[in-house]
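First the structure, in the form of structure tokens, and then the observations on it.
The values are calculated or read from the model by the stated rules, or taken from the named source; none is laboratory data. This one's a predicted model, so the numbers in the text were calculated from it and none came from an experiment. Positions of Cβ are generated from backbone atoms using ideal geometry, with glycine treated the same way; all protein chains shown enter the neighbour counts. Areas reflect the complete protein model, heavy atoms only, side chains present, ligands, DNA and RNA absent. Shrake-Rupley method; radii C 1.70, N 1.55, O 1.52, S 1.80 Å.
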Amino acid sequence: MSKQSKGGLASPAPEKGGAGAHPAIPVSIGAMLVTLGVVYGDIGTSPMYVTKALVAGNGGIMSVNQEFVLGALSLVIWTVTLLTTVKYVLISLKADNHGEGGIFALYSIVRRFGKWLIIPAMLGGSALLADGILTPAVTVTTAIEGLRTIPEVYQIIGDNQMNVVAITLAIICLLFVVQRAGTSKIGRAFGPVMTLWFVFLGAMGLLHVFDNPVVFLAINPLYGIQFLLSPNNHAGFMILGSCFLATTGAEALYSDMGHVGRGNIYATWPFVKICLLFSYLGQGAWLLANAGNAELLAIEDLNPFFQMLDPGIRPFAVLLSTAAAIIASQALITGAFSLVSEAIRLDLMPHMQTFYPAETKGQLYIPMVNYVLWIGCVIVVLLFQSSAHMEAAYGLAITITMLCTTLLLFFYLHKLRRVKVLPWIFVVFFALLEGSFLISSLTKFFHGGYFTLLMAALIMAVMLCWYAGTAVERRQATLLPIKNYLGQLDRLRHDTTYDLVSDNLVYLTNGTNTDFLDRDILYSILDKHPKRAKAWWFLNIQTMDEPHTFAYSVENFGTDYVYRVHLYLGYKVPQRVNAYLRQVVQDLSATGELPAQVHEYSVYKKPGPVGSFMFFMLRKTLSPESDVDHHERTAIALKYAIRRWAGSPARWYGLENSSVSIEYVPMFTKFKEVARMKRIGPNDRP
């Protein structure tokens, strides 16, 4: 009769949360402030450049008339309404995976409806991560260039673009350094600034709207459709590329849901949208009042957002917009953390060390992702240097993500929610709409868009290699019942012809099944030079949704030398596996389930209560004789190369100062047949 022991380790803090999915983030003034600071930075800075891009694409200030203003504003208003409000706020936010949002969270709840759905999920996720590399570089560079409109600052910066590059790089480095503090603390710092920013947008826009209230007619979508088809639309169909810039932060809004909670986005979006629309309408009213103004024609790179402001307010506006542009980068960075976290759970990316700076599980920090985004942004700034060159690539990749999200949302609505007709209307309408934006944005490809798509392709390649390599591993993986090998292990521990490797030999496992082990572990112990020990420990670590869970379970299979241990650690609990396992050993020694272990020699001159430990981590290798095709061999090789770059598991589990051995075991596959050799005499020659 086997004995099973369940125990709890001393918890560093009282356990919080329920037994199921982690609780939703409550709606509160503080949480809404965090939401304004974390989620809306990207979409909130769009008024600084959308109208500017529309005017420049239509031939400048001399081509402005009422048809253009009402038509362009109508296209912008309905782009924001249809894509951001309808698709993302009203529909996408309901498609969450235990509170987490984003395209990977969406895929995780619809993947059972088709294996091929992994392709749009990886494609959309790769494009969004690539856009996350570009966004901080674009927004911060644009803001710093805007400082030149302040005479006092211009005297310092001048026209030397390298001064702008240097300041931009300093700000970007500071932005990525503070990520370790967590999005909650960052949101509290950024929230008041973004609240002031949106109030400023709405107030300044409203002042000009009252001067020319005819712009309210732009709410009618017919004005947008008529202008799109009008001969006075000098940009033609490509005007949609500029309109799309007004909603580029919508996908990040969905990805950031896990950081702030769906309820807080519902509570804050109406305020944000009203302020944005008032800003656009105010800029439109100013354009109508200044249509054909020859003095404005002399201004290079005319920006209605700044020009409509009173000269006395403009310095404050430039400084505030600089702060908002920096904050805009935060939405993509926090969204990238969420996306990669979901990709790791889906086994599309390697496991990476993750920190949870706040009490909410959705608020996380992944150092490796932070470093990659940081390096990528620095490369973009040094490569393109000016915002004009960077903006050519802005928004192109995100249209791909939106199309992929639309496809996955169709399966969510049709298969999971079992809605019959509406999903078909949804997928056709938004596929055509977003397809139009994609086609119009393709004009940016040769002007910088290639860089974003190249980054997306590289990220996609990493996911494909990891996914393909994992598929090969799963085909050869075999679980073996532990009980069938207890006899061999008992003989081995008493076989003195083999050296004692350690008192306690510990293998970290991925499997959660108590009664079975991966064949590779047993192969390592029994076949690859038998590893004698007094006790073998097979340890599985599970990260729980509650922050302070701190417990373990043990199955000893009726022996005093084989132990299957599960550590259940809340996401806020440090994974100091070495220290926790020693506590388990002490507990089992106290109950008599583990024979007494005495460490005879010590610098402290007293025998220790726990014996020696050796931790083994296994790595699979593919033998040259394995009968696998070239593509599978390449996938495995690339997966292992990626894993080497993902960081050290010994560090994740707090084993840096422990005895750790990394052992390579062969991947068990079918081997190529080899013809029998003919034996000849020692002096003969074939």
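Restricting attention to region 556-591, the residues that are of a type in the set (F, W, Y), open to solvent by less than 10 Å² (accessible area, probe 1.4 Å) and assigned to a loop (DSSP other than H, G, I, E, B) total 0. Selection of region 59-105 for residues being in a loop (DSSP other than H, G, I, E, B) and more than 30 Å from S126 (Cα to Cα) yields G59, G60, V64, N65. All of D499, D520 fail the test of being out of contact with any strand residue (DSSP E or B) (no Cβ under 6 Å at 6 or more places or on another chain) and either within 14 Å of M614 (Cβ to Cβ) or at pLDDT below 85 (or both), apart from D499.
Filtering region 189-208 to residues that are buried (at least 22 other Cβ atoms within 10 Å of the Cβ), of a type in the set (A, V, I, L, M, F, W, C) and in contact with a Phe, Trp or Tyr (Cβ under 8 Å, 6 or more places away or on another chain) leaves M194, F198, L201.
Taking S92, is it at pLDDT 85 or above and in contact with a Pro (Cβ under 8 Å, 6 or more places away or on another chain)? So S92 does not fit the description; no. When you look at K534, is it open to solvent by 20 Å² or more (accessible area, probe 1.4 Å), within 24 Å of V598 (Cβ to Cβ) and touching a residue at least 40 places away in the same chain (Cβ under 8 Å), yes or no? It is true that K534 is open to solvent by 20 Å² or more (accessible area, probe 1.4 Å), within 24 Å of V598 (Cβ to Cβ) and touching a residue at least 40 places away in the same chain (Cβ under 8 Å). If a residue must be open to solvent by 60 Å² or more (accessible area, probe 1.4 Å) and either aromatic (F, W, Y) or within 22 Å of A56 (Cα to Cα) (or both), how many such residues does region 259-271 contain? Matching residues across region 259-271 total 2. Candidates in region 418-435 are the residues that are in contact (Cβ under 8 Å) with a residue 60 or more places away in the chain and hydrophobic (A, V, I, L, M, F, W, C); of these, the one that is most open to solvent (accessible area, probe 1.4 Å) is L433. Apart from one condition, V506 fits all of (1) touching a residue at least 12 places away in the same chain (Cβ under 8 Å); (2) out of contact with any Lys or Arg (no Cβ under 8 Å at 6 or more places or on another chain); (3) open to solvent by 10 Å² or more (accessible area, probe 1.4 Å); (4) more than 20 Å from T354 (Cβ to Cβ); the exception is (3). Summed over region 436-490, residues that are assigned to a helix (DSSP H, G or I), in contact with a His (Cβ under 8 Å, 6 or more places away or on another chain) and either aromatic (F, W, Y) or crowded, with 16+ Cβ neighbours inside 10 Å (or both) total 1. Looking only at region 46-104, residues that are of a type in the set (D, E) and touching a Cys at 6+ places or on another chain (Cβ under 6 Å) come to 0 in all.
Filtering S524, S553 for residues that are under 33 Å from the mean Cα position of the chain (by Cα) and either surrounded by fewer than 20 Cβ atoms within 10 Å (Cβ to Cβ) or over 19 Å from L594 (Cα atoms) (or both) leaves a single hit, S553. For region 231-258, the set of residues classified as under 17 Å from S46 (Cβ atoms) and open to solvent by 10 Å² or more (accessible area, probe 1.4 Å) consists of L240, S242, L245, listed by residue number. Pairs meeting the criteria (first residue in region 245-257 and in contact (Cβ under 8 Å) with a residue 12 or more places away in the chain, second residue surrounded by fewer than 24 Cβ atoms within 10 Å (Cβ to Cβ) and part of a loop (DSSP other than H, G, I, E, B), beta carbons under 7 Å, at least 6 apart or on different chains) are L245/Y49; M257/D96. Here L339, L309, L319 are screened, and the one residue that is in contact with a helix residue (DSSP H, G or I) (Cβ under 9 Å, 6 or more places away or on another chain), open to solvent by less than 40 Å² (accessible area, probe 1.4 Å), of a type outside the set (F, W, Y) and at pLDDT 80 or above is L309. The residue pairs whose first member lies in region 99-123 and is more than 16 Å from K415 (Cβ to Cβ), whose second member is among the small types (G, A, S) and surrounded by fewer than 16 Cβ atoms within 10 Å (Cβ to Cβ), and whose beta carbons are closer than 9 Å, counting only pairs six or more residues apart or on different chains, are G99/A21; G99/A24. Within region 213-236, residues that are closer than 20 Å to G60 by Cβ sit with their Cβ atoms under 6 Å from residues that are open to solvent by 20 Å² or more (accessible area, probe 1.4 Å) and not in a helix (DSSP H, G or I), at 6+ positions apart or across chains, in these pairs: H234/G59.
On the given criteria, is V501 more than 23 Å from L346 (Cα to Cα) and of a type in the set (A, V, I, L, M)? So V501 fits the description; yes. Count, please, the residues in region 96-106 that happen to be out of contact with any Gly (no Cβ under 8 Å at 6 or more places or on another chain) and open to solvent by less than 20 Å² (accessible area, probe 1.4 Å). Qualifying residue count, region 96-106: 1. Quick one: would you say L396 is at pLDDT below 85 and either at negative phi or among the hydrophobic types (A, V, I, L, M, F, W, C) (or both)? It is true that L396 is at pLDDT below 85 and either at negative phi or among the hydrophobic types (A, V, I, L, M, F, W, C) (or both). Restricting the first member to region 570-582 and to residues that are at positive phi and modelled with pLDDT under 70, and the second to residues that are in a helix (DSSP H, G or I) and open to solvent by 30 Å² or more (accessible area, probe 1.4 Å), no beta-carbon pair is closer than 9 Å while six or more apart or on different chains.
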